[in-house]
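> Please see the structure below; I have some questions.
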Amino acid sequence: MPQDKPVELTLDLRRHCIETAIRRRYDQALDAYFKQEDARPRLEKDIELLLEALETLDFPALRGTHRPLAGKTEAHVTLSRDLHGQLSIHIDGHILPDLPQR
């Protein structure tokens, strides 16, 4: 699904793995959606991105293949969707090729 502009979210993996970080971010965005009416357009895009990641990514494979995604890291990790609707994960600015799907 093409987007107007890319969506990019920074994930905090200092204490949790990528799956937990995405799940928590999703829960926070959903909660904010119902409390912050003026932020809904942005939150809708965030929620769609996070939900797609939760439903499609193979988290055990990601954690096993890319150590920073297992958590307890200071690495800069982002989840994004480009203008063509493609999900991507970046670790310290480097895109992960071929994200494993469930």
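Laboratory data are not the source of any read-out in this text; all were calculated from the coordinates shown. Note that the structure is predicted; figures quoted are calculated from it, not measured. Cβ placement follows ideal geometry from the backbone for every residue including glycine, while neighbour counts extend to all protein chains displayed.
> Over the stretch 47-102, what lengths in whole Å, largest first, do the semi-axes of the equivalent ellipsoid take, defined as the square roots of 5 times the eigenvalues of the alpha-carbon gyration tensor?
Semi-axes, largest first: 18, 14, 10 Å.
> Mean residue ellipticity at 222 nm from the helices of the chain, using -39,500 (n - 2.57) per DSSP H segment of n ≥ 4 over the full residue count, to the nearest 500 deg cm²/dmol?
Helix-only estimate at 222 nm: -13500 deg cm²/dmol.
> So, one more: Report which label in (i) 14.1, 47; (ii) 14.8, 45; (iii) 13.3, 39 holds the value of Rg and Dmax of the Cα atoms in Å derived from the coordinates of this structure.
(iii)
> Related question: Which of the aspartates and glutamates could be linked to LYS35 by a straight reach, that is with a Cα gap under 14 Å, when you skip same-chain ones fewer than 8 residues away?
Reachable aspartates and glutamates: ASP27, GLU44.
> Same structure again: Take the Cα of GLU52, step 7 Å along the line toward its Cβ, and report every residue of the stretch 83-98 whose backbone nitrogen sits under 16 Å from that point.
83-90, 96, 98
> Under the definition of Cα pairs under 8 Å and six or more residues apart, what whole-number percent is the relative contact order of the stretch 7-95?
It rounds to 40 percent for the stretch 7-95.
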